[in-house]
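*Asks:* Here's a structure for you.
The values are calculated or read from the model by the stated rules, or taken from the named source; none is laboratory data. Predicted, not measured: the structure shown is a model, and the values here were computed from it. Here Cβ is always computed from backbone atoms with ideal geometry, including for glycine, and neighbour counts include all displayed protein chains.
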Amino acid sequence: MPEKVLMKGNEAIAEGALRAGCTAYFGYPITPQSELPAYMAKHMLPRHLTFVQAESEVAAINMVYGAAAAGARAMTSSSSPGVSLKQEGISYLCGADLPCVIVNVQRSGPGLGGISPAQGDYFQATRGGGHGDYYHIVLAPKDVQECADLTFEAFDLADKWRMPVMILADGLIGQMMEGVVLPPARDLASLPAKPWAVGHQGKSGRPFNHVSSINLVPDELEKSVNDRFERYKAIAESEVRSVSTNCDKADLILVGYGTSSRVAGGAMALAKAEGIELGLFRPTTLWPFPYAEIAEFAAKGKKFLCVEMSMGQMVEDVLLGVGMSGVSGDAAPVHFFGRLGGNIPNEDEVLAAAKDVLAGRSKPHRIGFADRSLGSGRNLGSNRSRGQ
């Protein structure tokens, strides 16, 4: 049996990156991900790899741009406000088709908010938080093992599709400690060649390359964006990942990612002890989102309850998936339960919300502020929503 080691999620992300062949890290400390750059500093510098604590998040993401353009497996990490500062650089990276890995260990917001776990950065991550038309792959670990595994895989996906890949965790995933089996380290000599990279040509004979996101010729820029969206279509057809548990047996499917999916899994176990069958659907790729799987369940008349540590963001993708099924929202209603401000939903709250849905006491979610404030039919500021 492979040996398990006890690590924090932040440390597992860092070690997964090192074993994937990350040779350049640029970052800036911010809670709750500061263990990650600290781990990289401790383990990269003795190996003569590139580690830079940049003067700001803006500087860090632009250093990633330079290293990625030169062909390095480059990475940065931050938490919510810091990732906001990186958005211009992320847009540049996507516009220049540069592979890299970006980690966001989410905290509560908006603004400076708090340092406790949250999931309010979903829209920013999955819709392209910078300017222009673009997407990038977003992976969501639910435990420390997936922190290592998904980060390891993220570098391969970035190189395969020539784009940034984001690891979207939350503060609890980053801070919790669990046993993890680490992937075997990559031989740097085995990493894929990057003939498009800039830098010293040596004796390779390849042409000098120029990497940039600027194009002042409208027709050429339009074509490059259209070509990029054809690539996005291929990614959506081949890289969607999700995990379904008991969904075929249950009338109501809980949907969550990260910490919320763990809580939903606990609520499902509590329900089973009471003779109630619930399902659990966990998207591992938040972009591309598993719309087809949601549509398939909707076509069978399943109900959905989205559990999030936000005012409701992923729930809108679930609604889109239901819409793709051709089934009416009444036939496959989508409900929402969320906590925010750094509060984490508990299993009893989620089970109570599920019972409300099954008993017809909960209003289906609709896109818009008024409905979102109602959540799953519970006022998030009321004593009832807090289990009191």
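*Asks:* Just name the residue that is surrounded by the most Cβ atoms within 10 Å (Cβ to Cβ) out of those in segment 310-333 that are touching a residue at least 60 places away in the same chain (Cβ under 8 Å) and in contact with a Lys or Arg (Cβ under 6 Å, 6 or more places away or on another chain).
*Replies:* GLY312
*Asks:* Contact list please: Cβ distance under 9 Å, first residue in segment 214-231 and free of Cβ contacts under 8 Å to residues at least 40 places away in the same chain and under 21 Å from GLU88 (Cα atoms), second residue surrounded by 10 or more Cβ atoms within 10 Å (Cβ to Cβ) and among the charged types (D, E, K, R), pairs at least six apart or on different chains.
*Replies:* SER224/ASP97
*Asks:* Just checking: which of the strands (runs of 3 or more DSSP E) contained wholly in segment 217-298 hold 2 or more residues that are closer than 30 Å to SER116 by Cα, at pLDDT 95 or above and in contact with a helix residue (DSSP H, G or I) (Cβ under 6 Å, 6 or more places away or on another chain)? Give the derivation first.
*Replies:* Numbers: elements: 242-245, 252-255, 278-283, 285-287.
Those strands (runs of 3 or more DSSP E) span 252-255, 278-283, 285-287.
*Asks:* A further question on this structure: Where the second residue is acidic (Asp, Glu) and the first is within 21 Å of VAL83 (Cα to Cα) and lies in segment 149-164, which pairs have Cβ atoms under 6 Å and are six or more apart or on separate chains?
*Replies:* ARG162/ASP97
Here's the yes/no breakdown for (1) surrounded by 11 or more Cβ atoms within 10 Å (Cβ to Cβ); (2) under 29 Å from ILE344 (Cβ atoms):
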site	(1), (2)
PHE208	no, no
VAL211	yes, no
PRO218	no, no
PHE229	yes, no
VAL240	yes, yes
ALA264	yes, yes
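*Asks:* Hey, another quick one. Given the residues VAL327, VAL315, VAL307, VAL357, which is the only one that is in a helix (DSSP H, G or I), more than 15 Å from ASP251 (Cα to Cα) and assigned by TED's automatic domain parsing to the domain that holds LEU252?
*Replies:* Working: VAL327 fails: in a helix (DSSP H, G or I); VAL307 fails: in a helix (DSSP H, G or I); VAL357 fails: more than 15 Å from ASP251 (Cα to Cα).
Every option except VAL315 fails the conditions.
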